[in-house]
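Structure record follows, encoded as structure tokens.
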Amino acid sequence: MWRILPLLGAALLVGGQAPDADRRSGFDFMAPETQALQQDDASNPGMLWVLDGEALWQESAGPAGASCAGCHGDAADSMRGVAARYPTFDSTTGRPIDLQGRINQCRQARQGAEPFAAESQELLALTTTVAHQSRGMPVEPVRDPALAPFVEEGRRLFERRIGQLDLSCAACHDQRWGQKLGGSVIPQAHPTGYPIYRLEWQSVGSLQRRMRNCMIGVRAEPYAFGAPEFTALELYLRSRAEGLPVETPGVRP
Ligand code: HEC
Ligand code: HEC
């Protein structure tokens, strides 16, 4: 938990989002040992989720017994670059959908199987495997005009003050990045490593879980997993991370 928060809350916060040249992944703010853990596939614990997801990719499910691989073939080919352009617009709901939502949509509509629960091992593993196929590729700019209102919605949520500490996401991640908060450095909140292996969790977790942690940190009531607010925030985070390389599976403290 962050102990110096009241100080931050009292401070007059000025400034804005990091200019493009200053855009930095949370990776850059980590200790060299943690960076090394992410960079070496043999020691990155997130790679276990990638392997698990590869096995699930081959498994048949639902009444028709269809596997992801049965329709999509090799994930390394068919899923390459996909995570770099998610969340994307979902014409069936008229709203943005994130990668986990898209995987669950296929699971229901194409396999006829029950959707995976939020933060379940299966959903995290499949999402990590799919996102891993974009590692090193730049996050794509949000070009679809249908997404524009939702980027704005995400920005509004990011800039809104929340919780007993009355702080916005922007107060920390746009205006205070690089500064220390308790024992942690405040990163710019880029979504490039997700799902991440977080040392504090001893597990892989989603971007929504990470955002829920921040909301609880400022003593706000976190949105539920899958809430439209989270998808809008994820989309806004994508728009402000444009050009940064996908890192999945990222490692974070
Ligand atoms: C009081 C400051 C503060 C506020 C307010 C805050 N965060 Fe954070 N956030 C942090 C810190 C510090 C970390 C680094 C991890 C930690 O807690 O050790 C972090 C980490 C993150 C990360 C992970 C980035 C990475 O490299 O993996 C994301 C994404 C994020 N925050 C999003 C948000 C969103 C969205 C909000 C608003 C709902 C928010 N944060 C509000 C301080 C804050
Ligand atoms: C019966 C065939 C079938 C099965 C089984 C299937 N999919 Fe799909 N999937 C599709 C089709 C067709 C599309 C694209 C058309 C659409 O929008 O539905 C798609 C789209 C996707 C996308 C979005 C790709 C993009 O470019 O935006 C992802 C991610 C995905 N599937 C993952 C999965 C995963 C993971 C599984 C296994 C849990 C799975 N799919 C099972 C047929 C299938």
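The values are calculated or read from the model by the stated rules, or taken from the named source; none is laboratory data. Just so it is clear, the structure is predicted and the values come from calculations on it, not from any experiment. Please note: Cβ atoms are built from the backbone with ideal geometry, for glycine as well, and neighbour counts cover all protein chains shown. Note: accessible area is taken over every heavy atom of the protein model, side chains too, but ligands, DNA and RNA are not part of it. Shrake-Rupley method; radii C 1.70, N 1.55, O 1.52, S 1.80 Å.
Extending 7 Å from the Cα toward the beta-carbon at both Glu242 and Met137 defines two label points whose distance is 1.8 nm. So if I take the centroid of the Cα atoms in region 64-142 and the same for region 162-222, what is the distance between those two points in Å? So the two Cα centres are separated by 24 Å.
Using a 10 Å cut-off on Cβ atoms, rank the peptides 92-102, 153-163 from the highest mean neighbour count down.
Numbers: 92-102: 19.6, 153-163: 17.4.
The densest-packed peptide leads the list: 92-102, 153-163.
Using the 1.4 Å probe convention, the accessible area of region 42-158 works out to 49 Å² per residue with neighbouring protein chains retained.
Our coupling estimate for region 132-144, obtained by passing each phi through the Karplus curve with A = 6.51, B = -1.76, C = 1.60 and θ = phi - 60°, is 4, 5, 9, 4, x, 8, x, 4, 6, x, 7, 9, 5 Hz, Gly and Pro reported as x.
Amide H contacts under 5 Å for Thr88: Ile97, restricted to partners 5 or more places along the chain or on a different chain, H placed in the peptide plane at 1.01 Å from N.
Helical runs assigned H by DSSP (4 residues or longer) give the chain a calculated mean residue ellipticity at 222 nm of -11000 deg cm²/dmol, each run adding -39500 (n - 2.57) before division by the residue total.
A simple rule links phi to the HN-Hα coupling: the Karplus curve 6.51 cos²θ - 1.76 cosθ + 1.60 with θ = phi - 60°, which for region 18-28 gives 4, x, 3, 5, 9, 5, 9, 5, x, 3, 5 Hz, with x for Gly and Pro.
When peptides 79-89, 174-184, 50-60, 229-239 are ranked by their average number of other Cβ atoms within 10 Å per residue, the highest-first order is 229-239, 79-89, 50-60, 174-184.
Across region 169-212 the C-alpha pair distances fall into 5 Å bins from zero in the proportions 6, 21, 25, 26, 20, 3 percent. Seen from Gly178, the other residues with C-beta closer than 14 Å to its C-beta sum to a net charge of +1, counting Lys and Arg as +1 and Asp and Glu as -1. Classify region 47-132 from the C-alpha gyration tensor, please: rounded if a/c falls under 1.5, else prolate or oblate depending on whether a/b exceeds b/c. Rounded shape, in that the Cα axes give a/c under 1.5. Label region 119-253 by shape, choosing from rounded, prolate and oblate, from the square roots a ≥ b ≥ c of the eigenvalues of the Cα gyration tensor; if a/c is under 1.5 it is rounded, and otherwise prolate applies when a/b is larger than b/c, oblate when it is not. Rounded, because the longest to shortest axis ratio a/c is under 1.5. Structural size metrics of the chain, computed from C-alpha coordinates, are Rg and Dmax of 18.1, 59 Å.
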